[in-house]
1. Report the residue count in the stretch 200-222 for those that are touching a residue at least 24 places away in the same chain (Cβ under 8 Å), open to solvent by 70 Å² or more (accessible area, probe 1.4 Å) and among the acidic types (Asp, Glu).
2. Limited to the stretch 58-108, what total is found for residues that are out of contact with any helix residue (DSSP H, G or I) (no Cβ under 9 Å at 6 or more places or on another chain) and either β-branched (Val, Ile, Thr) or farther than 19 Å from residue 118 by Cα (or both)?
3. Which ones in the stretch 106-129 are part of a helix (DSSP H, G or I) and closer than 23 Å to residue 216 by Cα?
4. Out of (1) polar (S, T, N, Q); (2) modelled with pLDDT under 95; (3) part of a helix (DSSP H, G or I), the odd one out for residue 135 is which?
5. Residue check, residue 149 against (1) at pLDDT 95 or above; (2) within 18 Å of the chain's Cα centre (by Cα); (3) among the basic types (Lys, Arg), all met but one. Which one?
6. Would a scan of the stretch 73-81 turn up a residue that is closer than 23 Å to residue 212 by Cα, open to solvent by less than 30 Å² (accessible area, probe 1.4 Å), at pLDDT 95 or above and hydrophobic (A, V, I, L, M, F, W, C)?
7. Among the listed residues 15, 6, 28, identify the single one that is modelled with pLDDT under 85, in a helix (DSSP H, G or I) and either charged (D, E, K, R) or farther than 30 Å from residue 92 by Cα (or both).
8. Which of the residues spanning the stretch 155-174 are within 19 Å of the chain's Cα centre (by Cα) and open to solvent by 30 Å² or more (accessible area, probe 1.4 Å)?
Amino acid sequence: MTTSPSASAEVIPFSRMVRERSSASHRSSEGASFMGDLLKGEASRDDYVALVSQHWAIYEALEGAEPAMRDEPLVEPFLSTALTRLPALEADLQFLIGDDWRERLTLVPATVEYAARIREVAADWPAGYIAHHYTRYLGDLSGGLHIGRLIARQFGFETNGIGFYLFDQIADPAAFKDAYRAQLDAAEWSPGEQERVVDEVLRAYDYNTRIFEQLGERRIAA
């Protein structure tokens with residue numbers, strides 16, 4: 001008995017497909033000169049404060065949508081209080097800027113667009129919300145942990161100022177990410193919906209890249 005090509009073809013898990021399809025965009029975002037300078041110790045404390053400010057706006061949109069998202073059966077399994085970043089970001093900004101940090105925030109246009117897009121998909125497309133949730137939090141649990149250590153060493157921080165990068169409720173980030181990817185694989189999306197989610201992940205990486213570019217341009221102009 002022979003096996004048809006279609007029957008023997010490997011079924012690629014959706015989480016792997018997302019990772020492979022977005023790897024080039026991920027590298028492009030990570031390779032932006034602003035982030036490169038920051039991680040090489042060639043950026044200022046003000047540059048770091050600017051980055052934290054953009055993160056706050058992004059996570060204010062992402063986590064602000066969570067209460068409504070908990071009523072979505074598709075989204076609820078992905079939500080975990082262990083991932084919550086907004087309180088840490090606000091504590092970081094208070095430490096870095098002062099009590100009046102809200103009045104002193106400056107956002108680049110790409111950040112404003114990114115936050116608006118997160119709110120847009122949260123309003124009427126749960127799978128699109130997951131695309132942004134996945135892009136942000138799995139990145140935080142991967143390169144973010146390394147970034148936090150570099151920033152702490154560069155600016156002499158201990159925990160104040162880098163709380164965003166500290167996931168003290170997640171003992172095993174690798175196991176957490178594996179469980180998250182398993183949830184992605186279990187999502188009952190049609191092939192067409194999977195393509196839309198991949199496209200939205202790519203869109204999220206594009207926003208991140210443009211944020212880094214605009215932060216770099218602002219630093220040069222200062």
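1. Qualifying residue count for the region: 2.
2. 4
3. Matches in the stretch 106-129: 109, 110, 111, 112, 113, 114, 115, 116, 117.
4. (2)
5. (1)
6. Within the stretch 73-81, the first condition is being closer than 23 Å to residue 212 by Cα, and the residues that meet it are none.
The answer is no; no qualifying residue exists.
7. 6
8. Applying the first criterion (within 19 Å of the chain's Cα centre (by Cα)) to the stretch 155-174 yields 161-170, 172-174.
Passing the criteria: 166, 168, 169, 172, 173, 174.
The values are calculated or read from the model by the stated rules, or taken from the named source; none is laboratory data. Since the structure is predicted, the reported quantities are computational estimates derived from the model, not experimental observations. Note: ideal-geometry Cβ built from the backbone for every residue, glycine included; neighbour counts use all protein chains shown. Please note that ligands, DNA and RNA were not included when accessible areas were found on the heavy atoms of the full protein model with its side chains. Shrake-Rupley method; radii C 1.70, N 1.55, O 1.52, S 1.80 Å.
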